[in-house]
1. Could you tell me which residue out of G35, G121, A161 lies farthest along the dipole of the chain toward its positive end? Charges go on the beta carbon: Lys and Arg +1, Asp and Glu -1, centred on the Cα centre.
2. If ligands, DNA and RNA are left out, what is the accessible area of L148 with a 1.4 Å probe, given in Å² to the nearest 10?
3. Starting from the Cα of N123, step 7 Å along the direction of its Cβ; do the same at A5; then give the gap between the two resulting points in nm.
4. Over region 59-118, what percent of the accessible surface lies on carbon and sulfur atoms, probe 1.4 Å?
5. Going from most exposed to least, what order do R230, R7, R134 have by accessible area with a 1.4 Å probe?
6. Using unit Cβ charges (K, R positive; D, E negative) and no other charged atoms, how large, in debye to the nearest 20, is the dipole of the chain about its Cα centre?
7. Note down the nm distance, to one decimal, between modelled labels 7 Å out along Cα→Cβ at I34 and at H226.
8. State the answer as a single residue: which of V220, G107, Q4 lies farthest towards the positive end of the charge dipole of the chain, with beta carbon charges of +1 for Lys and Arg and -1 for Asp and Glu, about the Cα centre.
Amino acid sequence: VTDQASRNTFGGTASGTRNYISGNKGCGIFIDGIGTTSNVVQGNVIGLEKTGLSAVPNENQGVVVANGAVDTLVGGTAAGAGNIISGNNSHGIEVSGRDTARTIVQGNTIGLNVPRNVTVGNNGNGIMVSWETRFNLIGGTAPGAGNLVTGNSSGIHVEDAHDNVVQGNLIGTDPTGRQNLGAGWAGVNIAQGSQRNIIGGAGAGERNIIVGGWSGVALVDSGTAHNVVRGNHIGVDITGNIILGGGDHAVNIR
């Protein structure tokens, strides 16, 4: 979707509206360009074969929102709105570019099969937020807003990006938030000068559950500053009472 194409819907929540998008030489879905606005990606399976059990990778990312696209919704809180994005040869979802803003990523399963009981990870990060993109929401506090991001290189990677919010997600767990299925290098990685990003929050609905990975949350590189990490469960289950474990560091600042 490029060149100011707007208000298009790919998939949907109703029975029979799902697309299977796999085995392509580039990305599964590519949305980009200044003036490209208000597009919706819902209910699709991206990177798996039709049974939803094994990978038929797209050669690049599953979904890309880039280069000035604004107000894009990937997934959603309604029943059936979430996409299953797994097995691709790069990131599951990438949101990038200085003028790319206000993308909402909610309710998606990234790195598991369709039954959500076996990891089929993307070869890149589950969700990549980069290149000066701003004001994006990954998850949220509404019922059904959180993403399930498991089995990828890192869960959520924020790189040279600012003023983004990551809340209410399950990272490295099964759908119940009670089993460790692995988050790769880091559950959440904030890097390369990213600033003013919020990971979690004081309310229970803002909390991310983060397990697995060498680091639960990593804040690294020169210029990475003024980020807020609070209220999350790191290394424990959704109740906060059961140790699920992780890597060497719950929070790694370097």
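The values are calculated or read from the model by the stated rules, or taken from the named source; none is laboratory data. Remember, predicted model here, so these are calculated numbers, not experimental data. All Cβ positions, even for glycine, are placed from backbone atoms using ideal geometry, and neighbour counts span all protein chains on display. Surface accessibility is based on the protein's heavy atoms, side chains included, excluding ligands, DNA and RNA. Shrake-Rupley method; radii C 1.70, N 1.55, O 1.52, S 1.80 Å.
1. Most positive-ward Cα: G121.
2. We get 10 Å² for L148.
3. About 2.6 nm, to one decimal.
4. 43
5. Putting R230, R7, R134 in descending order of accessible area: R7, R230, R134.
6. Using Cβ point charges on Lys, Arg, Asp and Glu, the chain gives about 420 debye.
7. In this crude label model, I34 to H226 measures out at 2.4 nm.
8. The residue sitting most towards the positive pole is G107.
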